[in-house]
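Single-structure report; data block below.
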Amino acid sequence: MNLHELTIHQAHDLLKNKEISARELTADVLARISDAEPAVDAYITITGDAALAQADMADKQILAGDIQSLTGIPLAIKDLICTKGIRTTCASKILENFIPPYDATVMGKLHQTGAVMVGKVNMDEFAMGSSTENSGIKLTKNPWNSAHVPGGSSGGSAAAVAADMCLGSLGSDTGGSIRQPAAHCGVVGVKPTYGRVSRFGLVAFASSLDQIGPLAKDVTDAAILLTAISGYDSKDSTSVNRPVPDYLAGLSNSVKGLRIGIPKEYRTSEGVSPDVTAAVQNAMAFYKDAGATLVDISLPHAPYAVAAYYLIAPAEASSNLARYDGVKYGQRDMDAGTLLDMYRQTRSKGFGPEVQRRILLGTYALSAGYYDAYYKKASQIRTLIKADFVKAFDVCDVILSPVTPTPAFKIGENTDDPLTMYLSDIFTLSANLAGIPGLSVPCGFSKDGLPVGLQLMGNYFDEQTLLNTAYAFEQATGFHTKRPEILKAS
Ligand code: GLN
């Protein structure tokens, strides 16, 4: 087996037994990136030299007997997580040359464990999108079929994991941006509870929804990454001061007696492809056989999630993105004659069409006279969506649904139709609106050989139950062991 094909836990065992060195592992992953990048285009910045230097430090740490789960493990980081001295673009022209003077808290945590960063990966500009086609830098392809999108917005993170161009990665999820690309690329993705992981140093999109989380080759790796990045941070006022369990130590594959809620609203969702329905029903049958109880539940306000999200997220974005004015950050249009023209031209040239659309929608929804009709109404619906979940978790431990209505669509298929693109987020948005954790685990393939994901949503801070429920399925079915054939190294 090639070293880049290893999972984090497999590589950890080899590093611990000194059968391989961190330098060998990192060099192999960097070589894999060189081979696969022309076909996948996952990376915005590759940090080869820095990665090898970090690997050497990890080898010293291992020699000194101080190995942790991520010591010497090569990871990819979504390009909206600030990395000290390393370009952080948000896949936007406006930040094309932005070099943060500080590390995000999650980066500090990874450095402390001796993890290696091999590069920064592509995304939809400012994380706005579901296909990574809104990147202002490059077009990432789905490693399973290069005519298809990898999903988004963390499309680079998911594609890099699926194509073995890193052992694991970090993404961010505001409305599905970890779970949806994970599903489309056949990897595991976790959106933690709001407040579980510090967002200090995460470039803000919609602050009441954003969370950082892991994308990984299997549930065990996701548990390792989640343990490493979770925890209270005084620099993020929304982070919650609660002990972090060792999610790896807590992994169990028993689902006996587990109550799995099946929302009736999602049973009848229109536009769900037969491939997705079949794979999800197959998962339900598995859980029943394994001793879990399937419970019918209702999330009556779920159908309003898309409308509420696409008012709240743009509203917050319009405020968060006001800082990119050509003065404080990033690019400035130098041709403008007046200050107002400078603002106007900097933002018109620096932001892509989807980001501009969101700023306009959000500004409108917040403006005097419309605030009550749009933003306030959406916030009230959000409260109802949250109350639905609280009620549901009285009678079930986990909620099961598809991640996406269809497998990954073709590049260009939805770019002219933002509404269709927004509607594809129907299953993922509610977890962000409510603040609960959600996970995507591979659950099968479409007739065309594209991966399908299963979504599990859990109660606040109950990531362990989500991981365990997914682990039971993964260990029994083995879908996660399949890798895209076209890119298999010879
Ligand atoms: N697809 C959603 C959007 O475009 C979610 C994006 C995200 O989670 N960052 O807003």
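The values are calculated or read from the model by the stated rules, or taken from the named source; none is laboratory data. Everything numeric in this text was worked out from a predicted model, so none of it was measured. Quick reminder, even Gly has a Cβ in these numbers, built from the backbone with ideal geometry, and neighbours come from all protein chains shown. Only protein heavy atoms, including side chains, enter the accessible area calculation; ligands, DNA and RNA are left aside. Shrake-Rupley method; radii C 1.70, N 1.55, O 1.52, S 1.80 Å.
By the equivalent-ellipsoid construction on the alpha carbon gyration tensor, segment 137-279 comes out with semi-axes of 25, 21, 17 Å, ordered largest to smallest. With the highest mean first, a sort of the peptides 304-316, 203-215 on other beta-carbon atoms found within 10 angstrom per residue produces 203-215, 304-316.
The ellipsoid equivalent to the alpha-carbon distribution of the chain has semi-axes of 31, 29, 21 angstrom, derived from the gyration tensor eigenvalues as √(5λ) and listed largest first.
Compare the peptides 396-402, 449-455 by average per-residue count of other Cβ atoms within 10 angstrom and give them in order, highest first. Walk me through the numbers on the way to the answer.
On the way: 396-402: 24.0, 449-455: 25.7.
Highest to lowest by the protection proxy: 449-455, 396-402.
Summarising the amide proton neighbourhood of residue 116: residues at separation of 5 or more, or on other chains, whose placed amide H is nearer than 5 Å comprise 72, 73, 75. The phi torsions of segment 181-196, fed into the Karplus equation with coefficients 6.51, -1.76 and 1.60 and a -60° offset, translate into couplings of x, 4, 5, 5, 9, x, 10, 8, x, 10, 9, x, 4, 4, x, 6 Hz, rounded to whole numbers, with Gly and Pro shown as x. For residue 294, the amide hydrogen comes within under 5 Å of the amide hydrogens of 260, counting only partners 5 or more places away or on other chains and with H modelled in the peptide plane.
Most tightly packed first, judged by the mean number of other beta-carbon atoms within 10 Å of their residues, the peptides 473-480, 78-85 read 78-85, 473-480.
The orientation-averaged shadow of the Cα convex hull for segment 65-152, equal to a quarter of the hull surface, comes to 6.6 nm².
Considering only protein heavy atoms, what per residue accessible area in square angstrom results for the chain with a 1.4 angstrom probe? Provide the component values of the computation, followed by the final result.
Details: 18080 Å² over 490 residues.
For the chain, the per-residue accessible area is 37 Å².
Using the beta-carbon distance between residue 372 and residue 97 and R0 = 41 Å, what value does 1/(1 + (r/R0)^6) give for FRET efficiency, to the nearest 0.05? With R0 = 41 Å, the Cβ-Cβ based efficiency is 0.50. Here the Karplus relation 6.51 cos²θ - 1.76 cosθ + 1.60, evaluated at θ = phi - 60°, turns the backbone of segment 80-94 into coupling constants of 10, 9, 5, 10, 4, x, 10, 3, 10, 9, 6, 6, 10, 4, 5 Hz, with x for every Gly and Pro.
Taking amide hydrogens as placed 1.01 Å from N in the peptide plane, the amide H of residue 453 sits under 5 Å from those of 403, 404, 443, each at least 5 positions away in sequence or on another chain. Remark: segment 462-477, residue by residue, has Karplus-estimated 3J(HN,Hα) of 9, 4, 4, 5, 4, 4, 5, 5, 5, 4, 4, 5, 4, 5, 7, 9 Hz, where x stands for each Gly or Pro and the curve is 6.51 cos²θ - 1.76 cosθ + 1.60 at θ = phi - 60°.
Residue 370 sits with roughly 90 Å² accessible to a 1.4 Å probe, with DNA, RNA and ligands left out of the calculation. Restricting to the chain, what percent of DSSP beta bridges are antiparallel, rounded to 5? The antiparallel fraction comes to roughly 65 percent.
Multiply the residue separation of residue 298 and residue 285 by 0.36 nm, subtract the distance between their alpha-carbon atoms, and state the gained length in nm to one decimal. Present the calculation step by step, with values, prior to reporting the outcome.
Values: separation 13, 0.36 × 13 = 4.68 nm, distance 1.99 nm.
Full extension from residue 298 to residue 285 adds 2.7 nm.
Return the Rg/Rh ratio of segment 1-149 with Cα-based radii and a Kirkwood Rh. Intermediate values should be presented prior to the final figure.
Working: Rg = 15.8 Å, Rh = 16.0 Å.
Rg/Rh: 0.99.
Taking all protein chains together, 95, 419 sort by accessible area into 419, 95, largest first [probe 1.4 Å].
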